[in-house]
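Accompanying notes for the structure given below.
Every number in this text was worked out from the coordinates using simple rules, so none of it is lab data. Bear in mind that the values here come from a model prediction, so they are computed numbers and not experimental data. Don't worry about glycine lacking a Cβ; one is built from the backbone with ideal geometry, like all the others, and counts go over all protein chains shown.
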Amino acid sequence: MESYITLSFLNDFIFCPRSIYFHQLYGGFAEAVYKQTPQYKGTAAHETIDEQTYSTSAHILQGMEVFSEQYNICGKIDIFDIKTGRLTERKRAIKTIYDGYVFQVYAQCFALREMGYAVSEIVIHDLVHNKNYPILLPEQDEKMFTKFQQLIEDIDSFDMETTAFTPEKAKCTTCIYNQLCDASLC
Ligand code: SF4
């Protein structure tokens, strides 16, 4: 198991802390075994970025690996414009801005700042509807920043064996790991 937190853990942990274990177990191989169609669509939205074909401009960083030592989080940013300080995270289609979306861009923001870049604006972009959702910077939103810090603490302290946990049937029903999880209520 990795000792660091990956960006995708933030969303997964909010959905269900136990899913982190399965994500770590199956995250590195045979994705077709457990990934369902909506997730593939989400992955496809990032393919252009991961292949670094979005822009050839030197001031645009794309698909770059980042690491925050302070929060022990690693992952890839989507797009960062060095000139404007705008960090953009693209999603295929957005129904609502979930906390997990915000925490992921916070982590990217902190990592970029640790690397010396000045992040002054964050946007989450809906590709299907071509719509931008501005996100307040962590220092501008105390409530969300506190929730972010609490999430990191919760992830760091979670133990599959000892941490109290109550599964929720509604989540287990839609969980991609329900065939593998011994706590599943399905
Ligand atoms: S099956 Fe239920 S308890 Fe298990 S990881 Fe999924 S949501 Fe959590």
### Task
Compute from the Cα atoms of the range 43-186 the Rg and the Dmax, the latter being the longest Cα-Cα distance, and quote both in angstrom.
17.2, 50
### Message
Using Cβ counts within 10 Å as a stand-in for footprinting exposure, how do Leu112, Leu137, Leu10 rank, fewest first?
### Response
Leu137, Leu112, Leu10
### Task
List, in order, the whole-Hz ³J(HN,Hα) value for each residue of the range 14-20 obtained from phi through the Karplus relation with A = 6.51, B = -1.76, C = 1.60 and θ = phi - 60°; use x for Gly and Pro.
5, 5, 6, x, 5, 5, 4
